[in-house]
Amino acid sequence: MPTRIYITSAEGNTGKSTIALGVLETLARGVKRVGVFRPIARSTTERDYVLELLLLHATADLSYEECIGVTYDRVHSDPDAALTDIVARFAAVEQACDAVVILGSDFTDVGSPTELSYNARIAANLGAPVLLVLGGRRTAGEGARTPDDLRQVAELTTAELRHEHAGLLAVVVNRADPSQLEQIAASVTSSFENASQAVPVWSIPENPFLVAPSVAALLEATDSRLLSGDESLLDREALGVVVAAMSMENVLPRLIEGAVVVVPGDRSDVLVGTLLAHASETFPSLSGLILNGGFELAPAVEKLISGLRSSLPIATNDLGTFDTARRITQTRGRLAADSPRKLELARALFDEHVDADDLLRRLEVNPSSVVTPLMFEYQLLERAREHSKHIVLPEGGDDRILRAAHSLLQRKVARLTILGEEATVRARATELGLDLSEASVISTFDPELRQRFAEEYARVRAAKGITLGQASDTVTDGSYFGTMMVHLGLADGMVSGAQHTTANTIRPAFEIIKTKPDVSVVSSVFLMALADRVLVYGDCAVVPDPTAEQLADIAISASRTATQFGIEPRVAMLSYSTGESGSGADVDKVRTATALVRSRAPELLVEGPIQYDAAADATVAAAKMPDSAVAGRATVFIFPDLNTGNNTYKAVQRSSGALAIGPVLQGLNKPINDLSRGALVRDIVNTVAITAIQAAAS
């Protein structure tokens, strides 16, 4: 029977969806098919955005429609029949799952103990233990609840659960007062002193970013149209609202970090003054400006604003000041698929404050024997987090790098240094709503480091005639500067290439870091995360036409890389021929390389030459190489040349939906890794984690 967990609360606005996301991702790290079920749909007029968000992170093959139970109308008209329908629809869902996260109703309808009781009945009838979410804020007035308040809420709500025979698994107090987390957990725990078994209580602190609406949400709520500014900044959270309908000397003291400022459209003096304050280092950074009243800006004012080249979003609407401010204050933030920062923050808070291992033990989750892409990514981040290595990112002018850095820091994957002018990098991060306070930002023109690096580079390259003056110019290049940091032990590894070519990233490594003593060539692999396993492909990015000796080097290096990432190496030396069936220069090269691998690394399981199908498919292997320990079970695939390797990895990636992580460089004395110029934030995060793991093993 699939693992089941029912997540419910006694009221609305508890942040239950963030807890559901954390539970879902925790389960997905251990089992293959995790589904979501929503017994009562949030709305009958529009799609349930919470369910849509969770389905993006679920791993079971289920449609939105399959994951819905019934509507509120059905519950009202016949609660017993509705419950029967819910049980029947859930039975269909669990057939496709190894674990199911069941998300209770949102109190958008009744909002009383009656609704909690019905959720408890559903949980009891589905045989799902309840994870109870308590809100750390009062529903009226939004003040923080005291530990004693929450103890009383826990007593009342758990009594409802017992009355309906629902089993209580654990309690999460969400949006709790950050200064009283331990006291809250202790107070709520005291309400279970007479329980037959201990119930864990976890407290997650209130975070202003999670509850703040985005600028885009405020523009939608106020029917505002974007006049100017950077559209990518509409995702930034609005941490407050300032109504600027007074003179500028009175507006300035009221500005707060991350605020949206409402300005009457005919007050161009306040508009311009607020823009200047936003640009000033002595005033807070704002999230946006909304001009109300439907006034058009004078051409001269538009020209002035254009000349300021401000990226701050400026929008306009036809509402009055009061209505604009009212709509803004009534808009709630929500966890949504288009808010990466909130998703990362929600994950980080859950991981930090909820004991995931204890949760899985209580659910009696048996780990899966397969490894899905999500599982593998989680393992990468967990292993990197254990070592806390220091990685340098040379491309501080790229928004993707900044977003990835934010994610890495939130999840404590690595310590980071970002190269760039500090004021520029931090200003852009603030505009994007990113927290890089834990990262170091260093200019490549830092006089002390530039001098030190130039002297060392001139020494290393003295045989090539490099002078100190030439070295001083060279090391201001981000890739050279970052490589020198790694070389001198100021960082453990480097990740670059989002804006530069592979050659630009690895040339400094060839010159400064150099290859390991027993390796003749730097090569690369891709970690190919398929639906149920992870394979290693090499070389797919660096060596165009390797010799037999280089091919053997690549195979041995790839096997070491596989071992670093928990993959048992069984090496297939690929060719268009299997065994002794073919001949020719290309096949002979692979045959020679295989012999070299066996002589240099006799402990490795290696087969070659072998065709891809014989290496990967047990049925084909039984016919072509029945006695091979590698055929049909290969985990490391070594391609005879770059043309074959690069095309194959891309074909597998596109046709099977595999997650291709890499290229991962191998053979260097210290880890330097290259990014594709089309790299996504997710790719950068994974590559930094890989680099940190390599650094820990070197």
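The values are calculated or read from the model by the stated rules, or taken from the named source; none is laboratory data. All figures in this text were calculated on a predicted structure; none of them were measured in a lab. Note that we place each Cβ from the backbone using ideal geometry, even for glycine, and neighbour counts take in every protein chain shown. Surface areas here come from the heavy atoms of the whole protein model, side chains and all, with no ligands, DNA or RNA. Shrake-Rupley method; radii C 1.70, N 1.55, O 1.52, S 1.80 Å.
Mind checking which residues of the stretch 647-681 are assigned to a strand (DSSP E or B) and polar (S, T, N, Q)?
Once the filter is applied, which keeps residues that are assigned to a strand (DSSP E or B) and polar (S, T, N, Q), the stretch 647-681 yields Gln666, Asn673.
Within the stretch 83-105, identify whether any single residue is surrounded by 24 or more Cβ atoms within 10 Å (Cβ to Cβ) and of a type in the set (S, T, N, Q), and answer yes or no.
Within the stretch 83-105, one or more residues are surrounded by 24 or more Cβ atoms within 10 Å (Cβ to Cβ) and of a type in the set (S, T, N, Q).
Can you tell me which residue within the stretch 1-21, out of those that are open to solvent by 10 Å² or more (accessible area, probe 1.4 Å) and either of a type in the set (A, V, I, L, M, F, W, C) or over 22 Å from Thr114 (Cα atoms) (or both), is modelled with the lowest pLDDT?
So the first thing to find is which residues in the stretch 1-21 are open to solvent by 10 Å² or more (accessible area, probe 1.4 Å), and the list is 1-4, 10-13, 15-18.
Next cut, either of a type in the set (A, V, I, L, M, F, W, C) or over 22 Å from Thr114 (Cα atoms) (or both) only: 1-4, 10, 18.
Numbers: Met1: 71, Pro2: 84, Thr3: 90, Arg4: 92, Ala10: 83, Thr18: 90.
Once the filter is applied, the top-ranked residue is Met1.
Give the residue that is farthest from Arg225 (Cα to Cα), with candidates limited to residues of the stretch 268-294 that are open to solvent by 50 Å² or more (accessible area, probe 1.4 Å) and touching a helix residue (DSSP H, G or I) at 6+ places or on another chain (Cβ under 9 Å).
Step one: of the stretch 268-294, the residues open to solvent by 50 Å² or more (accessible area, probe 1.4 Å) are 269, 276, 279, 281-283.
Add one more test, that the residue is touching a helix residue (DSSP H, G or I) at 6+ places or on another chain (Cβ under 9 Å), and what stays is 269, 276, 279, 281, 283.
Numbers: Asp269: 21, Leu276: 22, Ala279: 22, Glu281: 28, Phe283: 26 Å.
Looking at the filtered set, the residue picked out is Glu281.
Search the stretch 607-635 for residues that are free of Cβ contacts under 8 Å to residues at least 12 places away in the same chain and pair each with any residue that is in a loop (DSSP other than H, G, I, E, B) and among the polar types (S, T, N, Q) when their beta-carbon atoms are under 9 Å apart and the residues are at least 6 apart or on different chains.
Going by the 9 Å Cβ cut-off, the qualifying pairs are Asp613/Thr578.
So which residues in the stretch 164-184 are crowded, with 17+ Cβ neighbours inside 10 Å and assigned to a helix (DSSP H, G or I)?
Step one: of the stretch 164-184, the residues crowded, with 17+ Cβ neighbours inside 10 Å are 164, 166, 168-177, 180-181, 184.
Listed by number, the residues that qualify are Gln180, Leu181, Ile184.
Which is of a type in the set (D, E, K, R) and in a helix (DSSP H, G or I), of Asp627, Asp613?
Values: Asp627 fails: in a helix (DSSP H, G or I).
After ruling out the rest, the residue left standing is Asp613.
Got a sec? Which of Val70, Val130, Val87, Val93 is closer than 29 Å to Leu659 by Cβ and either at pLDDT 85 or above or among the basic types (Lys, Arg) (or both)?
Values: Val70 fails: closer than 29 Å to Leu659 by Cβ; Val130 fails: closer than 29 Å to Leu659 by Cβ; Val87 fails: closer than 29 Å to Leu659 by Cβ.
Selected residue: Val93, the only one of Val70, Val130, Val87, Val93 that is closer than 29 Å to Leu659 by Cβ and either at pLDDT 85 or above or among the basic types (Lys, Arg) (or both).
Can you go through Leu680, Leu659, Leu665 and tell me which one is surrounded by fewer than 24 Cβ atoms within 10 Å (Cβ to Cβ), hydrophobic (A, V, I, L, M, F, W, C) and closer than 23 Å to Ala503 by Cβ?
Working: Leu659 fails: closer than 23 Å to Ala503 by Cβ; Leu665 fails: surrounded by fewer than 24 Cβ atoms within 10 Å (Cβ to Cβ).
From the options Leu680, Leu659, Leu665, the qualifying one is Leu680.
So which of Glu421, Glu438, Glu448 is over 24 Å from Arg236 (Cα atoms) and charged (D, E, K, R)? Spell out how you get there, then give the answer.
On the way: Glu421 fails: over 24 Å from Arg236 (Cα atoms); Glu438 fails: over 24 Å from Arg236 (Cα atoms).
Of Glu421, Glu438, Glu448, the one residue that is over 24 Å from Arg236 (Cα atoms) and charged (D, E, K, R) is Glu448.
For Glu456, are the conditions met, namely being open to solvent by 20 Å² or more (accessible area, probe 1.4 Å) and part of a helix (DSSP H, G or I)? First the steps, then the outcome.
On the way: open to solvent by 20 Å² or more (accessible area, probe 1.4 Å): yes; part of a helix (DSSP H, G or I): yes.
It is true that Glu456 is open to solvent by 20 Å² or more (accessible area, probe 1.4 Å) and part of a helix (DSSP H, G or I).
Which condition number in (1) farther than 20 Å from Phe481 by Cβ; (2) touching a Ser or Thr at 6+ places or on another chain (Cβ under 7 Å) is the one that Arg385 fails?
(2)
Scan the stretch 242-267 residue by residue and report those that are open to solvent by 20 Å² or more (accessible area, probe 1.4 Å) and farther than 18 Å from Ser228 by Cβ.
Val243, Ala245, Met246, Ser247, Met248, Glu249, Asn250, Leu252, Pro253, Arg254, Ile256, Glu257
With (1) open to solvent by less than 30 Å² (accessible area, probe 1.4 Å); (2) within 24 Å of Thr18 (Cβ to Cβ); (3) outside any loop (DSSP other than H, G, I, E, B) as the list, and Val413 as the residue in question, which single condition is left unmet?
(3) is the only condition that Val413 fails.
Might you let me know whether the stretch 146-153 holds any residue that is of a type in the set (Ser, Thr, Tyr) and either crowded, with 20+ Cβ neighbours inside 10 Å or modelled with pLDDT under 90 (or both)? Let's see the steps before the verdict.
Pass one, the stretch 146-153, residues of a type in the set (Ser, Thr, Tyr): 146.
Next, only the ones that are either crowded, with 20+ Cβ neighbours inside 10 Å or modelled with pLDDT under 90 (or both) stay: none.
Within the stretch 146-153 (the criterion being of a type in the set (Ser, Thr, Tyr) and either crowded, with 20+ Cβ neighbours inside 10 Å or modelled with pLDDT under 90 (or both)), the answer is no, since none of the residues qualifies.
Run Lys303 past the list (1) open to solvent by 70 Å² or more (accessible area, probe 1.4 Å); (2) of a type outside the set (Ser, Thr, Tyr); (3) modelled with pLDDT under 90 and report the number of the one that doesn't hold.
Lys303 satisfies all of (1) open to solvent by 70 Å² or more (accessible area, probe 1.4 Å); (2) of a type outside the set (Ser, Thr, Tyr); (3) modelled with pLDDT under 90 except (3).
Quick one: which residue in Leu51, Leu116, Leu62 is hydrophobic (A, V, I, L, M, F, W, C), touching a Leu at 6+ places or on another chain (Cβ under 9 Å) and within 18 Å of Ala10 (Cβ to Cβ)?
Values: Leu51 fails: within 18 Å of Ala10 (Cβ to Cβ); Leu62 fails: within 18 Å of Ala10 (Cβ to Cβ).
Being hydrophobic (A, V, I, L, M, F, W, C), touching a Leu at 6+ places or on another chain (Cβ under 9 Å) and within 18 Å of Ala10 (Cβ to Cβ) holds for just one of Leu51, Leu116, Leu62, which is Leu116.
May I ask you to list the residues in the stretch 597-628 that are within 11 Å of Met573 (Cβ to Cβ), modelled with pLDDT under 90 and open to solvent by 70 Å² or more (accessible area, probe 1.4 Å)?
none
Could you tell me which of the residues Leu62, Leu53 is open to solvent by less than 10 Å² (accessible area, probe 1.4 Å), within 21 Å of Thr372 (Cβ to Cβ) and of a type outside the set (Val, Ile, Thr)?
That would be Leu53, the only listed residue that is open to solvent by less than 10 Å² (accessible area, probe 1.4 Å), within 21 Å of Thr372 (Cβ to Cβ) and of a type outside the set (Val, Ile, Thr).
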